Structures are given as structure tokens and as C-alpha cells.
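To start, the structure itself, in C-alpha cells.
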Amino acid sequence: MSAESENKGDGGVETREESRNGGAVATNGEHLVDLYKKMILVRTFEEACQRGFRQGKIGGYLHVYIGQEAVATGFLDAYKEGDAVITAYRDHPHALLLGSDPKNVMAELYGKGTGIVKGKGGSMHLFDVKKGLYGGYGIVGGHIPLGVGFAYAMRYQETDHICQLYLGDGAMSNGAFHEAANISGLWGKDGMNPCLFIIENNQYGMGTSVERTTAMTDLAAKFDAYGIEHEKVDGMDLEAVLEAAHRTTEQVRETGKPYVVEALTYRTAPHGAGDFFEKYRTKDEVKKWRERDPIGLLEHKLLERDELDEDKLEEIKSEMKETIQEVSKFADESEEPAMEELYSDVYSGSDEYMGEE
Amino acid sequence: MTTKNLLQAIGEGLAEEMRSDETVMVLGEDVGRAGGVFRVTQGLMDEFGPFRVMDTPLAESLIAGAAIGLSVNGMRPVAEIQFADFIPPAFDQIVNEAARFHYRSNGAWSCPMTIRVPYGAVPGGALYHSQSVEAWFCNTPGLKVVAPTFPADAKGMIKSAIRDPNPVLFLEHKRTYRLIKEDVPEEDYSVPLGKARVHRGGTDLTVVSYGLMLHTALEVARKISNEYDIEVEVVEPRTLYPLDKETILDSVKKTGKLLVISEANLTGSFSGEIAAIVAREAFEWLDGPVMRLGAPDVPAAAFAKPMLDFFVPSAEKIEAAMLELARY
């Protein structure tokens, strides 16, 4: 019996009423409309980032979440205050969905002093501890052990918080992943690792497909080696993600044991804004996935159920465009950071800056 | 003879070595089908096939460690670490294993492997795409650390690195990949490791630099020659470890003054080693303090543009330091 069938609808797992599959979530139109708006927020924000990059307002490296919106939107709907969220470098949606002000997120990408980390980090390195974002990380796989550590501390301190640990398919061939998964499984035996591993399997680690990096392409099943149960979810279908998200976060919260959900998704955008011409995939493949675009799928459902009509959808999108225009304007007009910031926060505590200037 | 930029020259050197020696192979993240994020390995997979040009998972420890295994068994792997910032997981393999094999095996084994490492601050690179890591590895006997700056040198040195029986870390400054073009010979040639190059003769002071800073230093040296009649001798180590002390000392003994410029965080940087050697071995020739310029001691080349511009020693700072020392 797979972990999936064991856990789906298992009476032993207490789930929030509205999160049962086919139950309140599916029919709670208002909630879905709300989440639709969040997905539009993420998409519109990401498109504005791409524009900002093309205009030369955003420099460096930029990785957008276009095509994957349902994953973070669904899982972060199950976020509770006090939980920790840690992810890799495709991190804008996590900040936005946790409630970081889009203006400060955009300003960070523009390298401004009003940025979420004062212009020090940029796109890949968002941080907003107050909102639960314990960082976007640019070293693939490097953040995974950290999340497992967060989770242990949460139990040790007798809280019911959990860590939502996002990782990409590309991270799973990295040693840091295997080392962390191993100890998470072990600590979980004592209920000391409330860590929900959310694999954002978008099929490619940069330009190399899952099939070309591992003979064992069932990524969730890799966790079998570490005694951690797992399931897969259609990461393009918000309702499916939502159901899995609420059920599994509550399960992890309850048991203190790690759990894995592999969300099968696809970034229809290039890997990075300066992607190497996308030689690694075909236009047909991208087109095929675009037909299952998470926003398109949700719109279809909302229309079919008469939750919204075409006019309302357009209205939501155009309102969001205006909001994000303001966001970009704020970022553009913000001041550059003061140079003292380069030297602030090097050491914690009362230590003065001790380096050479 | 055709003009080539740095990345083309390195790519050409790699391809030529692969043509002439079938044990030479390339492995790394997206080096094959995608041709490398900086395009250095473009075309290699088409020409040499997937068994000699291997796309690896995102796993640097594996890349370096597998290269060791390949190298001690008759292959000459050229591993690419996509960004220098990604090298720490491979640190154990490089420092604890590759650098020591020859020593610990009574000379029975050696690791003829090359690890190409794009490094240096680039706009927007910030925390994980900007670091200068040379100091970490210049404290590792058994390993060679090279950092060519000009295209023709780089082509000749990638060949020497591949042919060298030891593990060689081959540093390539990202911001210089397309910065300049120069004539690069078509015929087979190599540039020896361990030999510095004097770029411009001078009598007033010696500047030692490499990477992007070398380009800036040369530019400033020309400027102050024109404006102030101060003649700076510019020495490029090309190989950092083992260092060609003699060329540096000869120059300092002539000029009596030394300024070392690198982009690494100043404290603990390799420029300190150069300063120490000169302070000891050219003490009696010195007519001024040994000076260094480097990045401030902060954890990252911060993202915002003015911070990055401040982080990397600028032409203005370099000019001020050169003038200060020349007038000392």
C-alpha cells in the first residue's frame, strides 16, 4: 500500500473541515476566488519582474515561478503563524503569499533601500522572518538541512509549529538533501521533526531534465530510503494541492513526523531571465504544459461553477495589473540603499564592525 | 591567428585537448546539452558525444570526487563548478582527497584533473554568484591554483592544466569572459603554469593583480603615465599557487614599491601572502609600505548596484592608491 492511499482520507488524521477533498474546499467558492486572486498576484508580479529585467531595472539573476503558482499558493494557504517556510531561489511567490509587501519585494529586486533585505540580497535571497519566510537560498540543496533543524527546534520548544520545506527536483541529487532527509526520518521516529518536504518538481534542474540526472525518477519515493512517507499531487491543479496541503500540514503538526508531497508542476517561463536559449526542451513540450496552466485550469473551474464570469476574471486581472504597476513604480522611485548598510548586520550582538573597509 | 575573447579561448583550448587526447573529458552542471551557462563548453557535446561531455546533477561534491576517480584511472577530466560560490560542497574532495593523493600514496597515484571555476563579482550576483575563493585553495599544498586573465594565456594555460599531472584549480573571472578580445594563436601552444607575466614595464611602483582588477589596474597605469608621468610596472602572477615569487621580487627590487590588488575580501586574502613574501625578501629594496587593495570585509558583494560598485575596488580607488604609493 502506498503512503498516498494510506493517508488519503485516513480517519487517524485530523483535518480541517474545509480542507477535505471534495468537501468544503472544492465547493467553497469564495475561498477559491480568493486564492485565484493570489495566483494572479504572483503571476502579475512575476511578469512585471520579467519586464523590469528587460528594461534593465532588475539586474543579476532572476528566476520566476510562472507555471508553478498552484504549488506555493496551495501549500501556503495551510500556513499558520509561527510556522517556518524555507525555499530555494525561486522564492518571490513564497514571500508574497506569506504577506510580505509586494512593494518591498519588488524594491529588493530593484536593489533599493526599501527592499525586503535593504537591497543586499536581490531576487534569490529574500528573507522576512516576521512573516515566516526563513529565506530563499541560492545554493541548490544547501537550505535543506537548515529546514530540518528548524523543525527539530520547534518540537524541542514544545510548539505545534511546522517547517514547510520547499525543494526542487534538481536539489535531490545533492548530498545535503540526502544527509538531511536521513536525519529527518530518524528524528521523526521520536516525533521530533515536523517538516513537510514539498518537492516542486518542475521537471528540470536548470537545463537538465530529471531523467538525465537520476535513474530513479520517482522523486518522492527516494524518501523511502529514509523512512519518510510520501505522496504525489498534481501541482497544476490548485484544488488538489489545497487538499493535500491542509491534510498533510495538519498531519505533520499532529505527529511531529516529516512527510513528503511531490508536486508535479512545470515552469513555463525559462529557468532564469538570462536562460540559455532553452535548448534543453522543445516548444511543443512547453505548449503542452501551458494547456494545463494552473491559472487557466482554475479559471475554467470557476467559470464552470459560475463562481465568476469572464468579465469578473478580466476585472481581477486588470485590477492586479494596476496594483503591480504601483508596486513597480514604488520600487523604481525608491532610493538606493545607504552605503552604511554594506557594513551593517555583519556581526550580531553588540560587536562593532571589525573588518577592513 | 584570430581574435577571441576569454571564454572562446578557453573553449578552444578544451576542444583542442579533447581532439588530441581521448582521455580528456568534461563534466559539470549543464556543460553538455546547454553548452555551459557561460557558453565555454558550447559545441563540445556535439563533437565528442555524451560519454566525454557529461551533464551532471547539481552535486559539486560528486563532480569533484568523480573527477578524482576518473583521473587516477587514466582519464584527464576537466570538471566545471558552475560558480565559484558553489564549490564548498566539493571542498572536502578537492582539499582532503585530490590534493593529497600523490603524497599519501608514496607517489603511486596522482590526480591529473582540472577544475574550472568561474569566479568574481558580477552585477546582481550577490551572495551566491560573486565570490573570489582563491584564498581557500592557496593554503592547500598539492593543489595548483591558476588564474589567467587574457585570452591567449588562458588557452595556453588550460592546455597546461589538463596536461599537468596534478589537480589544478582553473579560475576564470566571469566579468572578463567577454571584456576584451585579442589575437589567440591557432597552432598548438601552451603557457606554462607557475610563471608570472610582466604586462608593462615601469620604474615607480609595482602592481600585482589578476582577473578583472588586472584590467582596471592596466587602464589606470596608462592613465597616470599620461597624466602624471608615473610609470607603473604591472605584474600578473597567472598562477597563484605555486607563486612565481622571482618575477614579483625582481620587479619590486627595481621599483621599491608594491601595491597588490585583488577583488577578494581583504583580510586573509591571497594578496596578504604576496605582501608577506615581499616584506621579507625585498625588505631592503622597499621605499614605501607594502599596500593592498581588496573588497571590504563584508559577507557578500551586496546586490544593490551602488553597494557592488563600492565593493569592487574601483579605478578611482586604484588610482588614489597608486598615486599615494608613488609619491610616498
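Taken over region B:48-62, residues that are open to solvent by 50 Å² or more (accessible area, probe 1.4 Å), hydrophobic (A, V, I, L, M, F, W, C) and more than 8 Å from chain A (Cβ to nearest Cβ) amount to 2. Filtered by the rule that a residue be more than 19 Å from residue B:172 (Cα to Cα), open to solvent by 60 Å² or more (accessible area, probe 1.4 Å) and in a loop (DSSP other than H, G, I, E, B), region B:80-138 gives B:106, B:108, B:109.
Return the total of residues in region B:264-299 being open to solvent by 30 Å² or more (accessible area, probe 1.4 Å), hydroxyl-bearing (Ser, Thr, Tyr) and touching a helix residue (DSSP H, G or I) at 6+ places or on another chain (Cβ under 9 Å). Summing the residues that are open to solvent by 30 Å² or more (accessible area, probe 1.4 Å), hydroxyl-bearing (Ser, Thr, Tyr) and touching a helix residue (DSSP H, G or I) at 6+ places or on another chain (Cβ under 9 Å) in region B:264-299 gives 0. Screening the candidates A:118, A:57 for the property of being at the interface with chain B (Cβ under 10 Å from one of its Cβ atoms) and surrounded by fewer than 24 Cβ atoms within 10 Å (Cβ to Cβ) yields one hit, A:118. Per the listing B:121, B:147, B:99, the residue uniquely out of contact with any Gly (no Cβ under 9 Å at 6 or more places or on another chain) and in the same structural domain as residue B:179 (by TED's automatic domain parsing) is B:121. The requirement of being open to solvent by 20 Å² or more (accessible area, probe 1.4 Å), among the small types (Gly, Ala, Ser) and not in a loop (DSSP other than H, G, I, E, B) is satisfied by residue B:320.
Test residue A:141 against the criterion of being in a loop (DSSP other than H, G, I, E, B) and touching a Gly at 6+ places or on another chain (Cβ under 6 Å), and give yes or no. So residue A:141 fails the test. Which ones in region B:300-317 are surrounded by fewer than 17 Cβ atoms within 10 Å (Cβ to Cβ) and either closer than 18 Å to residue B:267 by Cα or more than 12 Å from chain A (Cβ to nearest Cβ) (or both)? The answer is B:314, B:315, B:316, B:317.
Counting the residues of region B:69-79 that are crowded, with 22+ Cβ neighbours inside 10 Å and farther than 15 Å from residue B:162 by Cβ gives 0.
Here the condition is being more than 20 Å from residue A:336 (Cα to Cα) and either in a loop (DSSP other than H, G, I, E, B) or hydrophobic (A, V, I, L, M, F, W, C) (or both); of A:112, A:80, it holds for A:80 alone. Scanning region A:78-115 for residues that are within 26 Å of residue A:199 (Cβ to Cβ) and among the aromatic types (Phe, Trp, Tyr) turns up A:79, A:89. Taken over region A:116-127, the residue count meeting the criterion of being of a type in the set (Gly, Ala, Ser) and either more than 23 Å from residue A:68 (Cβ to Cβ) or part of a helix (DSSP H, G or I) (or both) is 2.
Residues in region A:211-238 that are in contact with a helix residue (DSSP H, G or I) (Cβ under 9 Å, 6 or more places away or on another chain), open to solvent by 10 Å² or more (accessible area, probe 1.4 Å), within 14 Å of another protein chain (Cβ to nearest Cβ) and of a type outside the set (Lys, Arg): 4 in all.
Residues that are under 15 Å from the mean Cα position of the chain (by Cα) and surrounded by fewer than 23 Cβ atoms within 10 Å (Cβ to Cβ) within region B:242-263 comprise B:242, B:243, B:244, listed in sequence order. Of all the residues in region B:197-211, those that are in contact with a strand residue (DSSP E or B) (Cβ under 7 Å, 6 or more places away or on another chain) and open to solvent by 20 Å² or more (accessible area, probe 1.4 Å) number 6.
Would region B:5-24 turn up any residue that is over 17 Å from residue B:171 (Cα atoms), in contact with a Cys (Cβ under 7 Å, 6 or more places away or on another chain) and away from chain A (no Cβ under 12 Å)? No, region B:5-24 contains no residue that is over 17 Å from residue B:171 (Cα atoms), in contact with a Cys (Cβ under 7 Å, 6 or more places away or on another chain) and away from chain A (no Cβ under 12 Å). Restricting attention to region A:83-109, the residues being part of a helix (DSSP H, G or I) and closer than 22 Å to residue A:237 by Cα number 7.
Selection of first residues in region A:127-154 that are within 14 Å of chain B (Cβ to nearest Cβ) and of second residues that are open to solvent by 50 Å² or more (accessible area, probe 1.4 Å), restricted to Cβ pairs under 7 Å at least 6 apart or on distinct chains, gives the following pairs, ordered by first then second residue: A:135/A:127; A:138/B:127; A:145/A:179. Scan region A:181-198 and tell me whether some residue there is surrounded by fewer than 19 Cβ atoms within 10 Å (Cβ to Cβ), in contact with a Ser or Thr (Cβ under 8 Å, 6 or more places away or on another chain) and within 14 Å of another protein chain (Cβ to nearest Cβ). No; the residues of region A:181-198 include none that is surrounded by fewer than 19 Cβ atoms within 10 Å (Cβ to Cβ), in contact with a Ser or Thr (Cβ under 8 Å, 6 or more places away or on another chain) and within 14 Å of another protein chain (Cβ to nearest Cβ).
The values are calculated or read from the model by the stated rules, or taken from the named source; none is laboratory data. Everything numeric here is computed off the predicted structure, so don't read it as measured data. Counting neighbours? That spans all protein chains shown, and the Cβs are built from the backbone with ideal geometry, glycine included. Ligands, DNA and RNA are stripped out before the accessible areas are found, and what is left, the full protein with its side chains, is counted by its heavy atoms. Shrake-Rupley method; radii C 1.70, N 1.55, O 1.52, S 1.80 Å.
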